[in-house]
Amino acid sequence: MNATRQPRGGSGAETNADWAVATDFGGHVRRFGAETLPISIGGAVVDDIAIEGVQGSIRIGVLDGVFFVDPGRGTRNLRVNGASVTATRKLAAGDVIALDSARLYCAIAGGTLTLGIEARVTAGDTAPPDLDELARAASAVDEFEIKPIAFRPDTQRAEGRKSRVPRPATLAAAAGFAVLAVLAWFAFTAKSVEFQFEPQAAEYSLPGTFLKLWLRDRVLLSAGKHRIAAQLPGYYPLNTEIDVGADRYQTLKLSFTKLPGKISLTAEPDVQASVSVDGQPLGRTPMTADIRPGKHRFEFSADRYLSEVRELDVTGGGEAQALNVAMTPSWAPVSLATDPPGAAVFVDGQAAGTTPAKLEIDAGTHELEARLPGYNAWQTTIAVAANQPQELPPVKLVQADGRIDLATKPESASVTVDGKFLGRTPVTLRLRPGRNHELTIAKPGYETVTRTLSIEADSGRKLAIDLVALYGDVEIDSAPQGAEVWVDGSRRAATPAKLELTAVEHRIEVRREGFASKNAEVTPRPGFAQTLRFELAALDQGSGSGYAQTIKTGLGQELKLIPAGEFTMGSPRSEPGRRSNEVQRPVKLSRAFYLGAREVTNAEFRAYQAEHDSGSFSGKTLNDDAQPVVRVKWEDAAQFLNWLSVKDGLQPVYEPHDGTWVPARPLRNGYRLPTEAEWEWAARFAKRDKPLVYPWGDELPAPDRSDNFADVSAADVLQSATLAVYSDGFPVAAPVGSFPADALGLYDIGGNVAEWVQDYYEITFEADVSGKPAVDPLGPADGRFHVIRGSSWRSYTKTDLRLAYRDYSGDAREDLGFRIARNLE
């Protein structure tokens, strides 16, 4: 069929498929399809449209606002809503016009009639709709010829035609064709939806959807939201909203939720055990509970019974399951009999029955006692295992002896009865009644007490004795005089002094400001005066004279005294391996200081931070307790030293500032990192005739086992160059102190791990031409990186093996640790 449109008076024609035509009083023809475009027909008004087909033609027009269709001569197959049309017929919204094998759908809105070519029908206009066939037809409709015609209303024929009332059969047919039209439209626009249920539904429906078409395992639905209801025995009913999209074919997946199981919980014996499921309280047995499907952990607990844990795979779906648990007593029956019987039994001091007795005693260790008037109390310690009965051997009670509760002031005096040592006061003595006993009480520094005792059976007598102290004279003097005298930690006098002290050992300490303290132990002898004289050495903060050569931290770490001195820091330009950041400059350390003999170990650092892990390198551990702690940042070291200072009653050195930690200036007396100047002085100059170049001396190669460097044993670990002829036996960090100490008693100062120092890093390119030494330098007040000194188990070049070598970092490393420093005061 050809479709042509032509304005009145025009001669041109154009064709198009799958489009609709609208006519209105404005004289425009509108085309609908992929787009809507108004088309002017030479400026003329289009009143009518002619459509020509194979089996005839039709005219569609409007008269007095009423749209109509009129069959042309020889037209044999014009149908409206399935009914044959042979004369002019009024058109209404929803009418379906069929000519040949094409069908036009009428829509009327706003005074406009829209004709849509809906489909090609292969079996007449009443064939049942098929979604795929309709889709193909919509794109394959033959072209129509649509043109305006000279049309005048046939008023005579209209007037002569009698008005006829439609017959019922005609109305029914029209209604049927209307329904078919709606169904056809629905079939053309509907979406084919498949529902997949997990598990498969027993039945399902779409209760709120009126227009739907079931096709075997799929259903035709319009796009948009629908509600689906489904049921499956053993599962919660499904009633949910679905959203059908724009795709022609869709699969929607829906899941059922299984009903809980009916679980019966009981315990034997019936002790009303508390039950929890997966850690959540549930109730007390016996009980029945709804439990969701799956594996669950049930815990049963009751007083004096061991907790019982069971796992149950709950089937769910309303299925009944039972879980019965046999509870194990947390106690055991203990049988005790005495001769004679009738003794009162006490468990941990609490009355528990009379012999013969069968006692229910909780698992564990308990004190058991049997008491009978006229007899000595019997006591024992028993270990009770849960649900393990015990029968103790029969107990033969012994007739009571005399009992004395003896106490002295002061305590801890030794007690001897009839020459036999019976303990130290306070003590309970059990003596044979009806006879005399010789009692002796002795304590150093006090008079010995001797008495004769006679005791009645089971008397329970209490005896308290005040001991008389013995004194001796001790004269204490010092040079210079005027020093404070401390006895057993208490200040007693100033030198010269004469003290009367009890005849026991005392610790005497003499202190004077500016001098080193001295102490001694003395035991005064009554009747014999003693004299103690102390020569006090003046304290010298420069040489360290008068100060202890070694002190210890609360963790037992040794710190060695390093004397003060002047030196030239850095290295000369002529030194092989020298770097540009080693500019020489004079430095003076005005005070001696303490420096850790060893690097801080993993064990020591974990006393502060238990979870610290130094890790490993190439499969070799760095985390043994005796290895130096590594993988710590500078700030980690500072906070460890603050923690240790507080632990030992010292002032913390580091304080927070702008998100990091900085040392207080001037330095406090707590533990800290050494300054760079202190580290280099101790490593290269102190107590040496000339400065060291390397930790072992001035020349390469290093003697074997000088310290821990990158030796031949580290070749496989480092996968890089190493010292080809040097061997120290450790591929990574060694336990601290594994190699000989230097002249100051310091271990690993030039090897094992490199060490953080206190200073911020800076580069000085020119020496101070004034020649004046920097006194006790602390380095820059701020910076981005901190200085690192010393070589490590990764070092092998002549540059980084030198003691003048300087490095820097802001991060932790696997070969970087630290050691402790502290001021004299």
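The values are calculated or read from the model by the stated rules, or taken from the named source; none is laboratory data. Only a predicted model underlies this, so the values are computations on that prediction, with no experimental measurement involved. Every residue, glycine among them, receives a Cβ derived from its backbone with ideal geometry; neighbour counts consider all protein chains shown. Quick note on the areas: whole protein, heavy atoms, side chains included, nothing else; ligands and nucleic acids left out. Shrake-Rupley method; radii C 1.70, N 1.55, O 1.52, S 1.80 Å.
Look at the range 243-280 and say how many of its residues are among the hydrophobic types (A, V, I, L, M, F, W, C), in a strand (DSSP E or B) and crowded, with 18+ Cβ neighbours inside 10 Å.
Total meeting the criteria: 6.
Which residues, taken from the range 740-767, are buried (at least 20 other Cβ atoms within 10 Å of the Cβ) and either in a loop (DSSP other than H, G, I, E, B) or modelled with pLDDT under 95 (or both)?
ASP742, LEU746, TYR747, ASP748, ILE749, GLY750, GLY751, ASN752, VAL753, TYR761 - these are the residues of the range 740-767 that are buried (at least 20 other Cβ atoms within 10 Å of the Cβ) and either in a loop (DSSP other than H, G, I, E, B) or modelled with pLDDT under 95 (or both).
In the range 378-388, what residues are assigned to a loop (DSSP other than H, G, I, E, B) and open to solvent by 40 Å² or more (accessible area, probe 1.4 Å)?
ALA385, ASN387, GLN388
Looking only at the range 212-227, count every residue that is over 16 Å from SER255 (Cα atoms), part of a strand (DSSP E or B) and open to solvent by 60 Å² or more (accessible area, probe 1.4 Å) and tell me the total.
4
Within the set of pairs 6 or more residues apart or between chains, which connect a residue that is over 17 Å from ALA754 (Cα atoms) inside the range 725-743 to a residue that is aliphatic (A, V, I, L, M) and part of a loop (DSSP other than H, G, I, E, B) with Cβ atoms less than 6 Å apart?
Pairs that qualify, where the first residue is over 17 Å from ALA754 (Cα atoms) and the partner is aliphatic (A, V, I, L, M) and part of a loop (DSSP other than H, G, I, E, B), are TYR726/ALA702.
Would it be correct to say that ALA230 is of a type in the set (A, V, I, L, M, F, W, C) and either in a strand (DSSP E or B) or crowded, with 17+ Cβ neighbours inside 10 Å (or both)?
yes
Here's the yes/no breakdown for (1) in contact with a strand residue (DSSP E or B) (Cβ under 6 Å, 6 or more places away or on another chain); (2) over 28 Å from THR531 (Cα atoms):
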site	(1), (2)
ALA400	yes, yes
PHE421	no, yes
ARG430	yes, yes
ALA479	yes, no
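List the strands (runs of 3 or more DSSP E) that sit entirely inside the range 427-509 and contain at least 3 residues that are open to solvent by less than 50 Å² (accessible area, probe 1.4 Å).
427-431, 436-442, 471-479, 497-502
Check VAL630, VAL583 and return the single one that is of a type in the set (Val, Ile, Thr), part of a loop (DSSP other than H, G, I, E, B) and open to solvent by less than 10 Å² (accessible area, probe 1.4 Å).
Selected residue: VAL630, the only one of VAL630, VAL583 that is of a type in the set (Val, Ile, Thr), part of a loop (DSSP other than H, G, I, E, B) and open to solvent by less than 10 Å² (accessible area, probe 1.4 Å).
Taking the range 305-329 only, how many residues are open to solvent by less than 60 Å² (accessible area, probe 1.4 Å), of a type outside the set (Gly, Ala, Ser) and part of a loop (DSSP other than H, G, I, E, B)?
Residues meeting the conditions: 3.
Would you confirm whether or not the range 654-664 contains a residue that is under 22 Å from SER738 (Cα atoms), among the aliphatic types (A, V, I, L, M) and in a strand (DSSP E or B)?
The answer is no, given that none of the residues of the range 654-664 is under 22 Å from SER738 (Cα atoms), among the aliphatic types (A, V, I, L, M) and in a strand (DSSP E or B).
Any idea which residue in the range 595-626 is nearest to ARG822 (Cα to Cα), counting only those that are of a type outside the set (Val, Ile, Thr) and open to solvent by less than 10 Å² (accessible area, probe 1.4 Å)?
Ranking the qualifying residues of the range 595-626, first place goes to LEU595.
Hey, can you tell me all the residues within the range 171-211 that are closer than 29 Å to ALA98 by Cβ, part of a loop (DSSP other than H, G, I, E, B) and either open to solvent by less than 70 Å² (accessible area, probe 1.4 Å) or in contact with a Leu (Cβ under 8 Å, 6 or more places away or on another chain) (or both)?
Selection gives ALA190, LEU211.
Looking only at the range 701-718, filter to residues that are part of a loop (DSSP other than H, G, I, E, B) and surrounded by 15 or more Cβ atoms within 10 Å (Cβ to Cβ); which one of those is farthest from the chain's Cα centre (by Cα)?
ALA702
In the range 666-684, is there at least one residue being part of a loop (DSSP other than H, G, I, E, B) and at positive phi?
There is no residue in the range 666-684 that is part of a loop (DSSP other than H, G, I, E, B) and at positive phi.
From the list TYR547, TYR608, exactly one residue is at pLDDT 95 or above and hydroxyl-bearing (Ser, Thr, Tyr). Which is it?
Going through TYR547, TYR608 in turn, just one is at pLDDT 95 or above and hydroxyl-bearing (Ser, Thr, Tyr): TYR608.
Residue under question is ALA332, and the condition is that it be over 30 Å from ASP401 (Cα atoms), in contact (Cβ under 8 Å) with a residue 12 or more places away in the chain, open to solvent by 60 Å² or more (accessible area, probe 1.4 Å) and of a type outside the set (D, E, K, R); does it hold?
Judged against the criteria, ALA332 is not a match.
If I go through the range 768-825 residue by residue, how many of them are part of a strand (DSSP E or B) and either over 37 Å from the mean Cα position of the chain (by Cα) or polar (S, T, N, Q) (or both)?
The total comes to 6.
Restricting the range 512-537 to residues that are open to solvent by 70 Å² or more (accessible area, probe 1.4 Å) and not charged (D, E, K, R), which is nearest to the chain's Cα centre (by Cα)?
Within the range 512-537, the match that is nearest to the chain's Cα centre (by Cα) is ASN519.
Restrict the check to the range 363-371 and report whether at least one residue is assigned to a strand (DSSP E or B) and touching a residue at least 40 places away in the same chain (Cβ under 8 Å).
no
Are there any pairs with C-beta distances below 6 angstrom linking a residue in the range 559-581 that is of a type in the set (Ser, Thr, Tyr) to a residue that is open to solvent by 30 Å² or more (accessible area, probe 1.4 Å), with the two at least 6 apart or on different chains, and if so which?
Listed by first residue and then by second, the contacts come to THR568/GLN584; THR568/PRO586; SER571/ARG578.
Let me confirm something: among TYR796, TYR808, which residue is in contact with a His (Cβ under 8 Å, 6 or more places away or on another chain), open to solvent by 40 Å² or more (accessible area, probe 1.4 Å) and of a type outside the set (D, E, K, R)?
Going through TYR796, TYR808 in turn, the sole match is TYR808.
From the list THR440, THR416, THR408, THR448, which residue is of a type in the set (Ser, Thr, Tyr), touching a residue at least 40 places away in the same chain (Cβ under 8 Å) and farther than 30 Å from THR338 by Cβ?
Just one listed residue meets the conditions, THR408.
In the range 721-739, which residue that is over 38 Å from the mean Cα position of the chain (by Cα) and either small (Gly, Ala, Ser) or open to solvent by less than 20 Å² (accessible area, probe 1.4 Å) (or both) is farthest from ASP689 (Cα to Cα)?
ALA721
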